[in-house]
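A.B. asks: Got a structure for you, questions after.
The values are calculated or read from the model by the stated rules, or taken from the named source; none is laboratory data. Please read these numbers as outputs of a predicted model, since none were measured by experiment. Note that we place each Cβ from the backbone using ideal geometry, even for glycine, and neighbour counts take in every protein chain shown.
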Amino acid sequence: MKITYMLSPTAPYITHCHSSNILSENLKMDDRIDVTFNLSILSLSMKIIMERKRLLETMGDSPVEAAFKAPHMAQNLLRILAGLCSNTNEFLSHVNSTIKTDIVLITCWTIHSVPLIAYLLNSGRRVVIGGSFCNAYPSDFIRILIGKSVSDSKMKNLIVVGGYVGMNTDLHEVIEKWEDVELPKTDYADMWTSTGDHIKNYLNLLSKCRVYDNTYYSLTFNNNCWYNKCKFCKLRSEQQPNFIKNIDSDTLYDHVVENLKSYKSHGILVGDNYFVFNDKNKKFLKRLRSDGYKVQVFSGIMSLSSKAYLENISECVDGISCGLESAMNFSLDYITKGYKWDDIKNSMEMMNKHMDRNTSIRYLAIFDLVSKNQQEIVQNYDNMVIIKNTLNDHGFDVSFSFTPLQLFPSIGLVKDTDYLKIKSNSDRVSGMWYVYNHLKKFGFEANMSPDQMMPFERYDIDGNLLLSDFEYVSSKVMKQMFGES
Ligand code: SF4
C-alpha cells in the first residue's frame, strides 16, 4: 500500500507534534506500507514569513497596525497569517502537485485543514485524516463541514480517525477497512523514544527558515485543563491522555534535548493549556534550566494567585504566558472565565510577593470580545495598561499579545445572542474578520470561508452596534500596552 503522510497545513511555525512523531515511526516499520513523507507545507512557511515582512513594511500607524507591529506579536501574526494563507488556491495546488500517491494521510490540527482536505478529495485523492482536529470534533460534524464543498461520491474517499496512534496500532488495517474509527487507547511512552522520526527532517528544515533566534520548541505533556469552563475554548469533553505518564524524567530529558539540538533551539514551550506542576515535570524542568535551557508554560490568573504555585514557577520556569482574555468583569463573565478584575489585581499582588523577578510574564488578550458598551471597551485597554505598568513597577518584564476573537462552528460562543450575531454579509464585523478585511487593504487575499471562521457583529447592552475595539482605542494606548517594558 503506497501512501503519502503530511503534517497539518497550519504547522509551519515551530512545534512538536507527538502523534505525528510516533505515527511516522509506525508507518516506517510496517512492511505492508510504502510511505512518503511530504514536507511541501513548508512552502507556506516561507510564504507567511514573506507576507509578514511585506505587511509590516507597508503598514502605517493606525491602532490595528500599531498592535500588529508590536515585537511580541511576531509569532501571533505568523499564526494568524498561517490560518488565512493555508486557504489559497496557489498553496493548495502546489501541495497537491507534490503528492504522488492516491492515498494521503494528514495530521490535522485545526479547522484550517478543511480547505486542503476538500481540495485533495476534489482532485480525486483518497484522504485519511487524524490529529487534534479529529479529536476535537465528532466525525459527523467534520463530514458536514467538508461536505459543503465536496460531492457525496467524493466524500466516500475520506476516513476520519479519532484517538492517538501507538507503535502497535495497525494502520494498514484501518486504511484497508476504510471507515471512520476511534482508535483504542495506547501507551504513549514510545512517542518519546522513537528514533526513525521524520519530524527531525522537518525540524531541521524549519531551523533554516527561522526568523527569530528566541524561537521555542513546543511540546505537550497533558492537554487537560482543570478549569475547562471558558465558553470560547474548544477542549475535548473527554479527558486527554497524559503523554508522559509512562516515561521517566531522564528519558524524557534525553529525547527533548536531542530535538532541541536538531532545531538549534535554546528553550521549550510546554503547550499544556493550563500548566499544573507535579514531581516528574518539576524534576524535568529543573534539569533543563540547570543545563541552560529556557522554559515557558501557559497558566492563568487563578493559579497565579497561589503562593505554592508561584514558588514552583520561580523554581522551574523562565516565563509564563497567561490567558487573561479581558480585564473587564462583563466580558469575563460572558465567557465564564471564572475571575474578575479584583482577582487580576490580587494575582499581581501575589506575584509581587512570591514570584522571582526574572520570570517574564506575557498576557494573552482576546480582542473584540462581547462588551457592555463602548466606554467599557476603552476601559479594558486602560486596565491592561495598568497591569503592565504595575508589574513593571514591581520589576517584572511584562508583554501583551492578542488574538482577535475567532468564531469556529461548535464552540460555546457560536449562537446568536443580544450581544453577538453571526453575519456573513456585513461590513461592520468584529474579530478576525475585521482584521482580515483590514489586511485586504494591503493586497492580502486568502478566500476565507464563513463556514469555517464565522463573521459576527457585536452589540452593547442597549442594543447599539459596537465596531471592533480597534475603532475605539487609540494607537497611543496600543503602543503603551504593547511597547517594550
Ligand atoms: S482556562 Fe484556558 S484551557 Fe482552560 S477552559 Fe479556559 S481557555 Fe480553555
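A.B. asks: Taking the criterion of being within 13 Å of the ligand (Cβ to nearest atom), in contact with a Phe, Trp or Tyr (Cβ under 8 Å, 6 or more places away or on another chain), in contact (Cβ under 8 Å) with a residue 40 or more places away in the chain and of a type in the set (Val, Ile, Thr), would at least one residue in the stretch 285-297 satisfy it?
C.D. replies: As a first pass, look at the stretch 285-297 and keep what is within 13 Å of the ligand (Cβ to nearest atom): 297.
Pick out the ones that are also in contact with a Phe, Trp or Tyr (Cβ under 8 Å, 6 or more places away or on another chain) and you get 297.
Narrowing the set further to residues that are in contact (Cβ under 8 Å) with a residue 40 or more places away in the chain leaves none.
No: zero hits.
A.B. asks: Given (1) of a type in the set (A, V, I, L, M, F, W, C); (2) in contact with a Phe, Trp or Tyr (Cβ under 9 Å, 6 or more places away or on another chain); (3) closer than 22 Å to ASP272 by Cα; (4) not in a loop (DSSP other than H, G, I, E, B), identify the lone condition not met by TRP109.
C.D. replies: (4)
A.B. asks: In the stretch 160-262, which helices (runs of 4 or more DSSP H) lie fully inside it and hold 2 or more residues that are modelled with pLDDT under 90, buried (at least 20 other Cβ atoms within 10 Å of the Cβ) and not hydroxyl-bearing (Ser, Thr, Tyr)?
C.D. replies: On the way: elements: 171-177, 190-193, 199-208.
Because the criterion is at least 2 residues that are modelled with pLDDT under 90, buried (at least 20 other Cβ atoms within 10 Å of the Cβ) and not hydroxyl-bearing (Ser, Thr, Tyr), the helices (runs of 4 or more DSSP H) in the stretch 160-262 that meet it are 190-193, 199-208.
A.B. asks: Additional query: Go through the residues of the stretch 345-354 one by one and say whether even a single one is without any contact (Cβ under 8 Å) to a residue 60 or more places away in the chain, of a type in the set (S, T, N, Q) and within 16 Å of the ligand (Cβ to nearest atom). Before you say what the answer is, go through the steps one by one.
C.D. replies: As a first pass, look at the stretch 345-354 and keep what is without any contact (Cβ under 8 Å) to a residue 60 or more places away in the chain: 345-354.
Checking the rest, the ones that are also of a type in the set (S, T, N, Q) come to 346-347, 352.
Still in the running and within 16 Å of the ligand (Cβ to nearest atom): 347.
Yes, some residue in the stretch 345-354 is without any contact (Cβ under 8 Å) to a residue 60 or more places away in the chain, of a type in the set (S, T, N, Q) and within 16 Å of the ligand (Cβ to nearest atom).
A.B. asks: While we're looking at this one, here's another question. Quick test for you: out of GLY267, GLY271, pick the one residue that is in contact with a strand residue (DSSP E or B) (Cβ under 7 Å, 6 or more places away or on another chain), modelled with pLDDT under 95, within 12 Å of the ligand (Cβ to nearest atom) and small (Gly, Ala, Ser).
C.D. replies: Values: GLY267 fails: within 12 Å of the ligand (Cβ to nearest atom).
Exactly one of GLY267, GLY271 is in contact with a strand residue (DSSP E or B) (Cβ under 7 Å, 6 or more places away or on another chain), modelled with pLDDT under 95, within 12 Å of the ligand (Cβ to nearest atom) and small (Gly, Ala, Ser), namely GLY271.
A.B. asks: Related question: Could you tell me whether the stretch 338-352 includes any residue that is acidic (Asp, Glu), buried (at least 23 other Cβ atoms within 10 Å of the Cβ) and either in contact with an Asp or Glu (Cβ under 6 Å, 6 or more places away or on another chain) or closer than 30 Å to LEU465 by Cα (or both)?
C.D. replies: Just the residues of the stretch 338-352 that are acidic (Asp, Glu), to begin with: 342-343, 349.
Next cut, buried (at least 23 other Cβ atoms within 10 Å of the Cβ) only: none.
No.
A.B. asks: Just to be sure before I move on: is HIS72 surrounded by fewer than 23 Cβ atoms within 10 Å (Cβ to Cβ), in a helix (DSSP H, G or I) and touching a Lys or Arg at 6+ places or on another chain (Cβ under 8 Å) in the structure I sent? Before you say what the answer is, go through the steps one by one.
C.D. replies: Details: surrounded by fewer than 23 Cβ atoms within 10 Å (Cβ to Cβ): yes; in a helix (DSSP H, G or I): yes; touching a Lys or Arg at 6+ places or on another chain (Cβ under 8 Å): yes.
Yes.
A.B. asks: Right, here's the next one. Any chance the stretch 64-87 includes a residue that's within 30 Å of HIS172 (Cβ to Cβ) and over 24 Å from the mean Cα position of the chain (by Cα)?
C.D. replies: Here is the first cut: in the stretch 64-87, the ones within 30 Å of HIS172 (Cβ to Cβ) are 86.
This time we only want the ones that are over 24 Å from the mean Cα position of the chain (by Cα), so: none.
No; the residues of the stretch 64-87 include none that is within 30 Å of HIS172 (Cβ to Cβ) and over 24 Å from the mean Cα position of the chain (by Cα).
A.B. asks: Looking at the stretch 362-395, which of its residues are within 16 Å of the ligand (Cβ to nearest atom) and of a type in the set (Val, Ile, Thr)?
C.D. replies: ILE366, VAL370
A.B. asks: Another question, then. Assess whether LYS294 counts as being surrounded by fewer than 19 Cβ atoms within 10 Å (Cβ to Cβ) and more than 21 Å from ASN76 (Cβ to Cβ). Spell out the reasoning first.
C.D. replies: On the way: surrounded by fewer than 19 Cβ atoms within 10 Å (Cβ to Cβ): yes; more than 21 Å from ASN76 (Cβ to Cβ): no.
It is false that LYS294 is surrounded by fewer than 19 Cβ atoms within 10 Å (Cβ to Cβ) and more than 21 Å from ASN76 (Cβ to Cβ).
A.B. asks: Hey, among the residues in the stretch 298-311 that are more than 16 Å from the ligand (Cβ to nearest atom) and surrounded by fewer than 19 Cβ atoms within 10 Å (Cβ to Cβ), which one's farthest from ASN352 (Cα to Cα)? Lay out the reasoning, then the answer.
C.D. replies: As a first pass, look at the stretch 298-311 and keep what is more than 16 Å from the ligand (Cβ to nearest atom): 307-308, 310-311.
Next, from what is left, pick out any that are surrounded by fewer than 19 Cβ atoms within 10 Å (Cβ to Cβ): 307-308, 311.
Numbers: LYS307: 11, ALA308: 14, GLU311: 12 Å.
Among those that are more than 16 Å from the ligand (Cβ to nearest atom) and surrounded by fewer than 19 Cβ atoms within 10 Å (Cβ to Cβ), it is ALA308.
A.B. asks: Another question, if that's okay. Return yes when PHE396 is aromatic (Phe, Trp, Tyr), within 28 Å of ILE361 (Cβ to Cβ), modelled with pLDDT of 90 or more and in a loop (DSSP other than H, G, I, E, B) and no when it is not.
C.D. replies: On the way: aromatic (Phe, Trp, Tyr): yes; within 28 Å of ILE361 (Cβ to Cβ): yes; modelled with pLDDT of 90 or more: yes; in a loop (DSSP other than H, G, I, E, B): yes.
Yes.
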